[in-house]
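The structure appears below as structure tokens.
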2 protein chains.
Amino acid sequence: NHVLVLGYGDLTEPILEELLDDAIPFLVVTEDAEKVRHLGERGVDAFAADPSDDEPLHRAKISEARAVVVATNDDAQDALTILTARELNPDVRIVAAATNRENVEKLRRAGADSVISPATIGGHLLAESALGDDDTERIADELAGDGGDDRDDR
Amino acid sequence: NHVLVLGYGDLTEPILEELLDDAIPFLVVTEDAEKVRHLGERGVDAFAADPSDDEPLHRAKISEARAVVVATNDDAQDALTILTARELNPDVRIVAAATNRENVEKLRRAGADSVISPATIGGHLLAESALGDDDTERIADELAGDGGDDRDDR
Ligand SMILES: [Ca+2]
Ligand SMILES: [Ca+2]
């Protein structure tokens, strides 16, 4: 009942923080041996392998996983990883982030249940913030996980 | 009373879409001459120059601007652009996006009024989505500007 975090990108550390905060067991699989070493030093379960290959996902017990998170900065690699994960576990929940927003639908077709575009969300929030929409800033703060607790004007 | 969009990155197109949707006048300044040409073909006001230099920002009438949006994929360049913009117009609203979340505070200190971290927001949403929090998915849809209109269960 663990979460598999496949690959390592800009979103990975915020994701790991959330999972650690919620005390959710998880395992990171990335080709980046240096990242694996750093994660290991912090006591985070991780091993170095290509997460779009079958063997590492078997080894990571994908058949027993609660969810799979795919969010590197390389959408082509993400697509391949999603295809592998979906093939090995037709029922697991797979979520992904498209670095290029034009790839949202492709990652969905590859087998992800839910795909977000951080650039689209960020661009929207930034435009609203530029125009002085304080409500959007508050939402961004809440989504970022800081602030919000002391405000009950929702 | 226009918005200045300084630099061009992954967030820029979503930002331009928002401004076009809201019929807000804006001008893009980026060193990327190819992007300027493409924007021009679409009828978008843009010129090629380094937005961290004084002259282009004078030329872009920063003293009359309603807001400044700084969101390239290069946070160092963003910091320099913010410092220039703030120097030339102490009162204009400046919003920025930190590509590396560790730079949020630095961009604030450079003079931005509001700084978001799309990676932090995206990572938070993705982790919540992995754990099956449908409410967060709905928020992401709304923030991304699609869906949401037909749902009134907020
Ligand atoms: Ca991606
Ligand atoms: Ca940036």
Index of the failed condition, B:Ala67 passing every other in (1) modelled with pLDDT under 95; (2) surrounded by 17 or more Cβ atoms within 10 Å (Cβ to Cβ): (1)
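Look at A:Arg109 and say whether it is of a type outside the set (Val, Ile, Thr) and within 24 Å of A:Ala23 (Cα to Cα).
no
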Positions within region B:82-103 being within 19 Å of B:Pro118 (Cα to Cα) and surrounded by 19 or more Cβ atoms within 10 Å (Cβ to Cβ), in sequence order: B:Ile82, B:Ile94, B:Val95, B:Ala96, B:Ala97, B:Ala98, B:Thr99, B:Arg101, B:Asn103
Close pairs (7 angstrom Cβ cut-off, 6 or more residues apart or separate chains): away from every other protein chain (no Cβ under 14 Å) and within 19 Å of B:Ile121 (Cα to Cα) in region A:62-78, within 16 Å of ligand 2 (Cβ to nearest atom) and assigned to a helix (DSSP H, G or I) anywhere: none
Flag if B:Ala33 is away from ligand 2 (no atom under 16 Å from the Cβ), modelled with pLDDT of 95 or more and more than 17 Å from B:Gly9 (Cα to Cα): no
Residues of region B:70-108 classified as outside any helix (DSSP H, G or I) and within 11 Å of ligand 2 (Cβ to nearest atom), total: 10
Test: B:Asp45 is touching a residue at least 60 places away in the same chain (Cβ under 8 Å) and not polar (S, T, N, Q): no
Selection within region A:11-64 - within 16 Å of ligand 1 (Cβ to nearest atom) and in contact with a Ser or Thr (Cβ under 7 Å, 6 or more places away or on another chain): A:Pro14, A:Pro51, A:Ser52
Test: residue in region B:109-127 that is in contact (Cβ under 8 Å) with a residue 24 or more places away in the chain and within 14 Å of chain A (Cβ to nearest Cβ): yes
Residue in region A:109-118 that is within 16 Å of ligand 2 (Cβ to nearest atom) and modelled with pLDDT of 95 or more present: yes
Among residues of region B:36-61, those that are within 16 Å of ligand 2 (Cβ to nearest atom) and either within 14 Å of chain A (Cβ to nearest Cβ) or surrounded by fewer than 23 Cβ atoms within 10 Å (Cβ to Cβ) (or both), counted: 2
So B:Ala60, is it out of contact with any Leu (no Cβ under 6 Å at 6 or more places or on another chain) and of a type in the set (Gly, Ala, Ser): no
Scan of region B:17-29 for residues that are touching a strand residue (DSSP E or B) at 6+ places or on another chain (Cβ under 8 Å) and either more than 18 Å from B:Glu41 (Cβ to Cβ) or within 16 Å of ligand 2 (Cβ to nearest atom) (or both), ordered by number: B:Ile24, B:Pro25, B:Val28, B:Val29
Region B:79-99, subset of a type in the set (Ser, Thr, Tyr) and more than 16 Å from ligand 1 (Cβ to nearest atom), residue farthest from B:Thr120 (Cα to Cα): B:Thr84
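The values are calculated or read from the model by the stated rules, or taken from the named source; none is laboratory data. Given the structure is predicted, the values throughout are model-derived calculations rather than measurements. Every residue, glycine among them, receives a Cβ derived from its backbone with ideal geometry; neighbour counts consider all protein chains shown.
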